[in-house]
Amino acid sequence: MREIVTLQIGGAGNAIGDAFWHVISHEHGVDYASGRFGGTSQLQLERINVFFNATASKRFYARTILIDTEASTVQRLSSSSQLYRPENFVAGTESAGNNFARGYHTDGAAILDQVLDNTRREVESVDSLQGFQLLHSIGGGTGSGLTSLIMEALVQEYPDNLLSNYVTIPSPNMSQVVVEPYNALLSIPALVNNSHLTFCLDNEALFQICNRNLKIQMSGHEHINHIVALTMSGITTCLRFPGQLNAGLRKIYVNMVPFPRLHFLIPGFAPLVTCKQQQFSKGTVAELVQQIFSSNNLLCAIDLRKGKLLTAAGIFRGRMSPREVDQLMTGVRNKNINNFVDWIPNNIKTAICDIPPRGLKMSATFIGNTTAIQTLLQRLLDGSTAMMRRKAHLHWYTGEGMEECEFTDAQEELHNIIEDYRGSGDSCEGGGGGGGSGGGGGNDNDSMDEAAANGPQCTYCAE
């Protein structure tokens with residue numbers, strides 16, 4: 001069995017992780033509160049060992065390490081469920097205070113050995129480890145600093161295993177912490193050099209989905225965490241249930257990442273509708289395909305039309321015709337050929353799992369590697385540059401042992417990855433990817449959002 005060890009780091013990472021275990025424990029028939037199996041199908045148990053361990057008393061627990069520099073978050077989770085192993089809670093004595101330097105150099109470094117010991121125990125208990133799954137935010141001190149430290153240690157100790165990161169990206173419009181741009185900037189070198197798959201979860205897009213698509217009055221982050229958990233459940237479907245494509249992390253890596261540095265992926269999910277809105281949707285595969293290529297359903301605030309897709313994958317769940325899915329996905333590529341790079345043939349993949357998610361007859365999860373990610377990365381660079389120009393709040397970092405050159409090195413790394421994406425979208429016929437598609441806009445069908453142009457797919461898309 002190809003097992004995965006999960007590490008959920010910081011407040012955001014633990015909140016997203018808890019929502020993820022809520023979702024997949026139900027899909028595998030495991031009671032979230034007690035850890036007892038109460039499922040009805042043998043398929044639920046066939047690959048349950050990918051994410052869960054079984055005890056001698058036939059109970060299941062999540063193969064996850066819950067990490068934070070302060071104890072309040074992990075204490076709340078320890079009392080909410082028996083799905084978490086008590087020894088796998090690692091907490092420090094003091095918060096990292098939204099400071100990368102404290103998470104990396106001081107408070108985070110103090111608990112690193114304990115994290116690695118717990119991780120080593122879980123790794124030694126499995127038959128065939130395929131990799132690690134890290135859940136964290138890069139806006140806070142623990143999620144950015146401590147995660148960077150842990151990633152460096154994991155790469156050194158387990159060089160043959162893959163690191164998959166689900167990263168919450170801060171948004172200037174939704175920010176509650178003034179130094180978030182610094183923390184995000186300082187996290188980039190670790191993500192570029194140590195992560196193999198980085199799934200970008202943009203706070204701005206997530207809040208927009210709740211406000212625009214679902215018409216939810218935001219009182220907390222519960223709805224956002226559930227959307228992220230549903231998307232993670234879709235991405236890991238083929239790892240957890242029998243399937244043909246992307247049956248392991250390495251297969252996802254091979255299909256989605258053309259060059260090691262270009263591993264920043266855009267996830268999406270459909271349908272993103274309320275129960276009332278669902279009554280008016282068609283519930284067809286064609287509708288799902290239209291929605292996953294719509295910017296309204298992406299978990300990043302980017303426009304696919306402003307870049308070129310290097311690779312894309314659609315993971316479909318529910319009873320549907322494989323032939324119909326393949327035809328529709330191929331049709332999207334053929335109609336929007338200008339929005340795909342021409343140097344990767346057959347760069348759109350599909351996978352189908354018969355088991356639908358809870359409460360839905362069918363769903364689709366999108367994974368895209370697109371040059372349009374440079375707009376998101378440029379947003380991070382611009383935010384940190386504006387503060388660096390005046391050296392605002394810099395003393396909080398230098399006081400914890402950091403040097404100013406670390407900021408400039410991180411900015412250079414971020415600028416390089418933006419240039420790498422920009423160069424990968426260039427056509428071999430000359431000219432940039434964006435300029436080429438813009439020039440042919442008059443007579444080419446170059447819109448990835450064709451469904452929106454032909455009318456709203458469902459009630460939340462109407463603007």
Cα gyration tensor, the stretch 119-262 - rounded (a/c under 1.5), prolate or oblate: oblate
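With an 8 Å cut-off on Cα pairs and a minimum separation of 6 or more residues, tell me the relative contact order of the chain in percent.
Rounded, it is 15 percent for the chain.
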The stretch 2-264: antiparallel DSSP beta bridges as a percent of all, rounded to 5: 15 percent
Dipole magnitude of the chain about its Cα centre (Cβ charges: Lys, Arg +1; Asp, Glu -1), debye to nearest 20: 1620 debye
For the stretch 85-100, 3J(HN,Hα) per residue [Karplus equation, 6.51 cos²θ - 1.76 cosθ + 1.60, θ = phi - 60°, Hz, x = Gly/Pro]: 6, x, 5, 8, 8, 10, 9, x, 9, 8, 5, 6, x, 6, 10, 3
Distance from the stretch 65-138 to the stretch 333-376 (C-alpha centre basis), Å: 33 Å
Cα shape, the stretch 2-264, gyration tensor, a/c 1.5 rule: rounded
Proxy reagent accessibility, fewest Cβ within 10 Å first, across Lys308, Lys58: Lys58, Lys308
Full-extension gain in nm, Thr398 to Asp160, via 0.36 nm per residue minus C-alpha separation: 82.2 nm
Which listed pairs, of Lys58/Lys361; Lys58/Lys215; Lys215/Lys306; Lys215/Lys361; Lys308/Lys391; Lys215/Lys251, have C-alpha distances above 32 Å, in listed order: Lys58/Lys215; Lys308/Lys391; Lys215/Lys251
Note, ³J(HN,Hα) from phi for the stretch 196-210, Karplus 6.51, -1.76, 1.60, rounded to Hz, x at Gly and Pro: 9, 9, 10, 8, 8, 10, 8, 4, 4, 5, 5, 5, 5, 4, 5
Amide H contacts under 5 Å for Leu129, placed H, 5+ residues apart: Glu3
Ranked list, fewest to most other Cβ atoms within 10 Å of each Cβ, for Leu7, Leu135: Leu7, Leu135
Order of Asp326, Asp18, Asp127, Asp68 under a 10 Å beta carbon neighbour criterion, fewest first: Asp127, Asp326, Asp18, Asp68
Helical contribution to [θ] at 222 nm, DSSP H n ≥ 4, -39,500 (n - 2.57), averaged over the chain, rounded to 500: -12000 deg cm²/dmol
Sites Asn211 and Val178 - FRET efficiency at Förster radius 25 Å, r taken between beta-carbons, to 0.05: 0.60
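We did not get these values from a lab; they are worked out from the coordinates using the rules stated. Note that the structure is predicted; figures quoted are calculated from it, not measured. Quick reminder, even Gly has a Cβ in these numbers, built from the backbone with ideal geometry, and neighbours come from all protein chains shown.
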